[in-house]
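K.L.:
Input: one structure, supplied below.
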Amino acid sequence: MRKTVATLALSASLTTPAMAALPAEAVPVAKKPVTALPAPTGDHPVGRTDLHLIDSSRPDPWVPSRKARELMVSIWYPARKATGKPSRYLTPRESELVIRSVPQLKDVPADTLAKTRTHARADAPALPRKGGRPLVVLSPGMTMPRATMTSLAEEFASRGYLVAGIEHTYESLATTFPGGRTVTFEAGKAGQTPETGAKVARVRAADTEFVLDRLAGSKRWNRLIDERRIAMVGHSAGGQSAAHLLPSSKRIKAAVNLDGTYHPGTPAKPLDKPFMMIGNPRHAPGHGGSDGSWDTFWPHVTGDWKRWLTVTGAEHASFTDYAVLQPQLGLPAAPMDGARSIGITRAYVTAFLDLHLKGERRPLLDKPSKDYPEVRFW
């Protein structure tokens, strides 16, 4: 049996930094790797703009000495044309902090991830649509920058969605603000507990609602968004946070959890809106993986439309950009090819969004597909 390797992502811990622990038998690392993301497949060119938002109504929950909660948010959107420079994946300092968190990458240039090829153009003119576009909120895994969901964001935007990727400050290994100030990870250092998990869910719920408020109040973005059609997609801690927020949010109509373990294990209210969770095989019913939290959570998903899927060969990071970036950096790959795992995630999450935000029927979600034999329905 192939030995499971640690990945670039946090597996189930709130304390281990991303890319922290890899086995001694990790493959040799190329000294000057070239990193690139798979191109989006939709019809629209993609633009990206970064926003610095300040919530002066609350101190930072992780660093109370900061009297206001500051967030960085990336907006991906269909563009009129592919003009301008490609958007930057990470800043050089963010790249350095992520790469230097992994001893096996000591010979890799610190700015490698800052040079990752993306497919969105920075500040390209947006393509408006009468009535606005459906909005997808993205929430990344603990320790992971919002950039790690870029492959999904670019795909959704190329297919006509507006996408808001939220950087949850002090929950990422590195967050850079305008002017170059970079802050690092502070959340959950005391360890993974139900109390910490509940706090993460509360903080991310407040972050998300604040971002939605600011977008709704922005003359620039309000005209581009159809506020009746909003969904949330999260990975890991972001996925469990999306699940906990869904039943209480008046604006979010549907949500997807990508491989997120639930802390706490049950929601405050039943989930009676469209909901899908997709994970690695350890999240199969009765498997007991990740403390069996999916088995505990599932009875509280009470809506008429729900799906529980697992992907054979996937690991925790397979649902993020790290699926392709990890082997490009010279680190061990997951059993499933990275491009394939991103393709599967794109296909199923886009189908979910098309169905629940655009009202377009997607048979892919009805039953197992011969095109994706790795995906199991439970």
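K.L.:
Looking at the range 34-48, is at least one residue at pLDDT 95 or above, open to solvent by 10 Å² or more (accessible area, probe 1.4 Å), over 18 Å from the mean Cα position of the chain (by Cα) and over 26 Å from residue 342 (Cα atoms)?
P.N.:
Checked the range 34-48: no residue is at pLDDT 95 or above, open to solvent by 10 Å² or more (accessible area, probe 1.4 Å), over 18 Å from the mean Cα position of the chain (by Cα) and over 26 Å from residue 342 (Cα atoms).
K.L.:
Also: Scan the range 348-365 residue by residue and report those that are assigned to a loop (DSSP other than H, G, I, E, B) and either closer than 22 Å to residue 282 by Cα or open to solvent by less than 80 Å² (accessible area, probe 1.4 Å) (or both). Don't jump to the end; show me each part of the working.
P.N.:
Within the range 348-365, the first condition is being assigned to a loop (DSSP other than H, G, I, E, B), and the residues that meet it are 359-362.
If the condition is that a residue be assigned to a loop (DSSP other than H, G, I, E, B) and either closer than 22 Å to residue 282 by Cα or open to solvent by less than 80 Å² (accessible area, probe 1.4 Å) (or both), then 359, 360, 362 are the ones that fit.
K.L.:
Hey, another quick one. Mind listing whichever residues of the range 213-268 are open to solvent by less than 30 Å² (accessible area, probe 1.4 Å), more than 24 Å from residue 320 (Cβ to Cβ), in contact (Cβ under 8 Å) with a residue 60 or more places away in the chain and not aliphatic (A, V, I, L, M)?
P.N.:
Of everything in the range 213-268, those that are open to solvent by less than 30 Å² (accessible area, probe 1.4 Å), more than 24 Å from residue 320 (Cβ to Cβ), in contact (Cβ under 8 Å) with a residue 60 or more places away in the chain and not aliphatic (A, V, I, L, M) turn out to be 221, 226.
K.L.:
Given the conditions (1) surrounded by 15 or more Cβ atoms within 10 Å (Cβ to Cβ); (2) part of a helix (DSSP H, G or I); (3) touching a helix residue (DSSP H, G or I) at 6+ places or on another chain (Cβ under 9 Å), which single one is not true for residue 339?
P.N.:
Unmet condition: (1).
K.L.:
Considering each of 301, 324 in turn, give the residue that is in contact (Cβ under 8 Å) with a residue 24 or more places away in the chain, touching a Leu at 6+ places or on another chain (Cβ under 9 Å), under 27 Å from residue 116 (Cα atoms) and open to solvent by less than 20 Å² (accessible area, probe 1.4 Å). Steps first, please.
P.N.:
Details: 301 fails: under 27 Å from residue 116 (Cα atoms).
After ruling out the rest, the residue left standing is 324.
K.L.:
Can you find, within the range 84-105, the residue that is least open to solvent (accessible area, probe 1.4 Å) among those that are of a type in the set (Lys, Arg) and in contact (Cβ under 8 Å) with a residue 12 or more places away in the chain? If you could, list the steps in order and put the result at the bottom.
P.N.:
Restricting attention to the range 84-105, the residues satisfying the condition of being of a type in the set (Lys, Arg) are 85, 88, 93, 100.
Add one more test, that the residue is in contact (Cβ under 8 Å) with a residue 12 or more places away in the chain, and what stays is 85, 88, 93.
Numbers: 85: 158, 88: 129, 93: 109 Å².
Here the answer is 93.
K.L.:
Another one. Restricting to the range 304-321, what's the tally of residues that are surrounded by fewer than 23 Cβ atoms within 10 Å (Cβ to Cβ), in a loop (DSSP other than H, G, I, E, B) and in contact (Cβ under 8 Å) with a residue 40 or more places away in the chain?
P.N.:
Here the count works out to 3.
K.L.:
Let me ask another. Would you mention how many residues in the range 50-82 are assigned to a loop (DSSP other than H, G, I, E, B), under 25 Å from residue 222 (Cβ atoms) and either touching a Phe, Trp or Tyr at 6+ places or on another chain (Cβ under 6 Å) or open to solvent by less than 50 Å² (accessible area, probe 1.4 Å) (or both)?
P.N.:
Looking only at that region, the number is 2.
K.L.:
When you go through 84, 141, 165, 132 one by one, which is the residue that is on the phi > 0 side of the Ramachandran plot and in contact with a helix residue (DSSP H, G or I) (Cβ under 9 Å, 6 or more places away or on another chain)? Show your work before the answer.
P.N.:
Details: 84 fails: in contact with a helix residue (DSSP H, G or I) (Cβ under 9 Å, 6 or more places away or on another chain); 141 fails: on the phi > 0 side of the Ramachandran plot; 165 fails: on the phi > 0 side of the Ramachandran plot.
After applying the criteria, what remains is 132.
K.L.:
Moving to a separate point now. Residues that are open to solvent by 10 Å² or more (accessible area, probe 1.4 Å): list the strands (runs of 3 or more DSSP E) wholly contained in the range 133-190 that include at least 1 such residues.
P.N.:
Numbers: elements: 133-139, 162-167, 174-176, 182-184.
Ranges flagged: 133-139, 174-176, 182-184.
The values are calculated or read from the model by the stated rules, or taken from the named source; none is laboratory data. The model shown is predicted, which means the values in this text are computed figures rather than measured ones. When we count neighbours, we look across all protein chains shown, and the Cβ atoms used for this are built from the backbone with ideal geometry, even at glycine. Keep in mind that these areas ignore ligands, DNA and RNA; they rest on the heavy atoms of the full protein, side chains included. Shrake-Rupley method; radii C 1.70, N 1.55, O 1.52, S 1.80 Å.
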